[in-house]
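One structure is given below, encoded as structure tokens.
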Amino acid sequence: MGWEEAAANFPEIPKGVNGRKLWLGDKGTYPIFAVIGLASAMCGGFLFKYFAGNTDIAISKSVRQDHNHQGGTDGRVASHNTRFGLREVNKRFINIFPFDWHPLSDIRSRHRTDAGEGGD
């Protein structure tokens, strides 16, 4: 039997049920929407930060006409050099019961055999 026969007359959405009732009627779909919303916000924020603060992107005509528009203003340089998102979260101790996160640098320092010798 091929997939065409297996999928024949298989109702994806039951008759009499619209998509809104199908997705919003089940409380188990709310985490999916939360993850999609958070990912969209992170993606949109990164895109805004990138296009608004990158020193290589020159939207303004006056900036494009300048032969040396690298950097432009101190604000654009500062925005370009900052980090966005969760890149620094894994560098700190995090304790959310029952989880206890230790950064890699701490784990490395605890497992070193030459810790008392002052080496790297």
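Rule-based calculations on the coordinates, nothing more; no lab input. Note that the coordinates shown come from a computational prediction; the quantities given were computed from them, not determined experimentally. Neighbour counts run over all protein chains shown; Cβ positions are idealised from the backbone, glycine included.
Multiply the residue gap between Asp100 and Leu22 by 0.36 nm, knock off their C-alpha separation, and tell me the result in nm, one decimal place. Numbers along the way, then the final one.
Values: separation 78, 0.36 × 78 = 28.08 nm, distance 3.81 nm.
Full extension from Asp100 to Leu22 adds 24.3 nm.
Would you be so kind as to identify all helices of the chain, as entire DSSP H runs, whose Cα atoms reach 27 Å or more along the helix's own axis and whose mean Kyte-Doolittle hydropathy is at least 0.0? Answer set is 30-53. Pairs of Cα atoms in the chain fall into 5 Å distance bins, from 0 up to the last occupied one, in shares of 2, 8, 9, 8, 9, 10, 9, 9, 10, 10, 8, 5, 3, 1, 0 percent. Backbone N atoms of region 25-56 closer than 18 Å to the 7 Å Cα→Cβ label point of Thr82 belong to residues 41-56. Using a simple spin-label model with points 7 Å from Cα along the Cα→Cβ vector, what separation in nm is obtained for Glu12 and Met42? My value for the distance between the label points is 2.8 nm.
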